[in-house]
Structure formats: C-alpha cells, structure tokens
1. Read through the list (1) closer than 20 Å to L128 by Cβ; (2) more than 15 Å from the chain's Cα centre (by Cα), then give the number of the only condition that D72 fails.
2. Of all the residues that make up the range 97-136, how many are in contact with a Pro (Cβ under 7 Å, 6 or more places away or on another chain) and either at pLDDT below 95 or under 17 Å from I203 (Cβ atoms) (or both)?
3. Does N225 satisfy being surrounded by fewer than 16 Cβ atoms within 10 Å (Cβ to Cβ), on the phi < 0 side of the Ramachandran plot, not in a loop (DSSP other than H, G, I, E, B) and not small (G, A, S)?
4. With closer than 23 Å to S208 by Cβ, more than 10 Å from the ligand (Cβ to nearest atom) and touching a Phe, Trp or Tyr at 6+ places or on another chain (Cβ under 8 Å) as the only criterion, which of S114, S107 stands out?
5. Could you grab me the full set of residues in the range 171-188 that are surrounded by fewer than 11 Cβ atoms within 10 Å (Cβ to Cβ) and modelled with pLDDT under 85?
6. Kindly indicate whether D47 is within 10 Å of the ligand (Cβ to nearest atom), in contact (Cβ under 8 Å) with a residue 60 or more places away in the chain, outside any helix (DSSP H, G or I) and not hydroxyl-bearing (S, T, Y).
7. On the given criteria, is T191 out of contact with any Ser or Thr (no Cβ under 8 Å at 6 or more places or on another chain) and part of a strand (DSSP E or B)?
8. Mind listing whichever residues of the range 50-64 are in contact with a Pro (Cβ under 7 Å, 6 or more places away or on another chain) and either in a strand (DSSP E or B) or within 13 Å of the ligand (Cβ to nearest atom) (or both)?
Amino acid sequence: MDVESFYNLISSEYTEMLERLVPRYREMLWMILDYVPKDLNPKRIVDLGCGTGNLSEGIVNQYPEADILAVDLSASILSEVKQRLKDYSNIKYLNEDFNTLEFETDSIDLIVSSIALHHLTDPQKEKLLTKIYSWLSPKGVLIFGDQFAGSTKARYQQHMENWKLSSEGKNVPKSEWKLWMNHQDNHDFHTSVENYFNWCRRIGFKNSDVVWRYYLWTVFIAHKNISI
Ligand SMILES: C[S@@+](CC[C@H](N)C(=O)[O-])C[C@H]1O[C@@H](n2cnc3c(N)ncnc32)[C@H](O)[C@@H]1O
C-alpha cells in the first residue's frame, strides 16, 4: 500500500492512533510552536504534511492574522482537516506531493511540519530543503518535528526498542503496531540529525539546531539568514 492510500485508509482514526503510538506527541507539537522566534510575526505560513491538522490547529490559533496553507498528499485526510478547521477562514488547503511543490522565492515566513518529512528519501529531503531555503523570506524559519535515526545504527536500534517497549506499556494493540511498522519498513526513511545539519550548512541556512528530542522524535529548526 502506498503512502497516499495508507493515510486515506486510516484518516478517520488517525489522531487517536498517533496519540497512542507516538510518545509525547503533544509535547513535540507544543515545542514546534514554542520555538518559532517570538519576533518573527509570520504573515505567510505553510504546514507540510498537515494530516488531520493537529499542528495546523496550533498554528492557526497562534497566528490568527496569518495566511496559512496546509499541504498534504492524502485527499481523504485533507477532507478531515477541512471539516475540523472549518471555522478558520485564514487557512487554505493544497492536495500535493512535497516533491512537486513550488512557491515563489522569498514568499513564506514560516514553514512547519510534524512527522511528515521522513516519507521522503534523503536525496528528496535535500532537494526539498533547497527549495524551502529559496521559498523562505529573509527572516524566514523552518521548524519541524519528525522521526530521525540515531547517529549510529546501534543508537537507532536502541530508539526503536525503547519505542516498542513504551508502546507495549501503553497497551497499543499488536495489530496496530504491526500495521505501523509495516508502513514504516516500506515507506519511511529515517535519517540522522547530522545529515540535516550538513544539508542545511551546504544549502546556506545560517543557523540550524535541535531544540527537543525523545527517542526518534526530534524538533529541528533552521534559520535562513539569522545566526542566533
Ligand atoms: C504521520 S502524518 C503527520 C500528520 C500531522 N502533521 C500530524 O502531526 O498529525 C504524515 C502526513 O504526511 C503526508 N505525506 C506523506 N508523504 C507526503 C508527500 N510526499 N507529500 C505530501 N504529503 C505527504 C501524509 O499523507 C500524512 O498526512
């Protein structure tokens, strides 16, 4: 089953499933929102891989005056988020693949994402980061949470084992864990934080950092021009 069909299939129960499966999921979203620079005042924001809108909802509440675009590959998941956030007129939706996205240079102040970019292979991630750098306005920032590998295979393995133990502790049904692992083995491309640092440096981001981490889940920030 491809990524689009997988998310179409689970869209109606997606949020509950994610909250069971991802330890400290809400804390990660909160950290993404909290680490947006306080002086940024973003006018145009893009959420990459919005899913059912858990991060988009935080963004729209934090920036009620901004124009927000929520992007996702799954049409079915987009119908969920449209319904859920129907009272917000400043959020628009785009059913598109990250690989074919295009925006004008310097046109976006803030790009956010949560648990979505790992669906791209490493070359695709680097290509998207290069485009993100050009789309961001001079003070623009990329901040996203995602699943990352470790810096070594052994550390990655340890993260995976800890995740499994934590899921068992939370009584995640075995069938759900299996479904998720099957999807992960076939469609997820966890990479190391080091790779992101190297790509960001090569592309020209002035400052990049990790602001939160728990097992695989990491919140990564990259500033286009400001070295803070
Ligand atoms: C694990 S969900 C995360 C959703 C949401 N950001 C959250 O935190 O709840 C990943 C989302 O990314 C979307 N996605 C995966 N690959 C994509 C791609 N290549 N282009 C656009 N969206 C993609 C999926 O359809 C799915 O809705």
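The values are calculated or read from the model by the stated rules, or taken from the named source; none is laboratory data. Model, not experiment: these values are computed from the prediction. Quick reminder, even Gly has a Cβ in these numbers, built from the backbone with ideal geometry, and neighbours come from all protein chains shown.
1. Failing condition for D72: (2).
2. Pass one, the range 97-136, residues in contact with a Pro (Cβ under 7 Å, 6 or more places away or on another chain): 106, 109-110.
Restricting the remaining residues to those that are either at pLDDT below 95 or under 17 Å from I203 (Cβ atoms) (or both) gives 106.
Number satisfying all stated conditions: 1.
3. Details: surrounded by fewer than 16 Cβ atoms within 10 Å (Cβ to Cβ): yes; on the phi < 0 side of the Ramachandran plot: yes; not in a loop (DSSP other than H, G, I, E, B): no; not small (G, A, S): yes.
No; evaluated as a whole, the condition is false for this residue.
4. Working: S114 fails: more than 10 Å from the ligand (Cβ to nearest atom).
When all the criteria are applied, what remains is S107.
5. Hit for the range 171-188 is N171, nothing else.
6. Numbers: within 10 Å of the ligand (Cβ to nearest atom): yes; in contact (Cβ under 8 Å) with a residue 60 or more places away in the chain: yes; outside any helix (DSSP H, G or I): yes; not hydroxyl-bearing (S, T, Y): yes.
So D47 fits the description; yes.
7. On the way: out of contact with any Ser or Thr (no Cβ under 8 Å at 6 or more places or on another chain): yes; part of a strand (DSSP E or B): no.
Spelling it out, it is not the case that T191 is out of contact with any Ser or Thr (no Cβ under 8 Å at 6 or more places or on another chain) and part of a strand (DSSP E or B).
8. First, pick out the residues of the range 50-64 that are in contact with a Pro (Cβ under 7 Å, 6 or more places away or on another chain): 63.
Within the range 50-64, none qualify.
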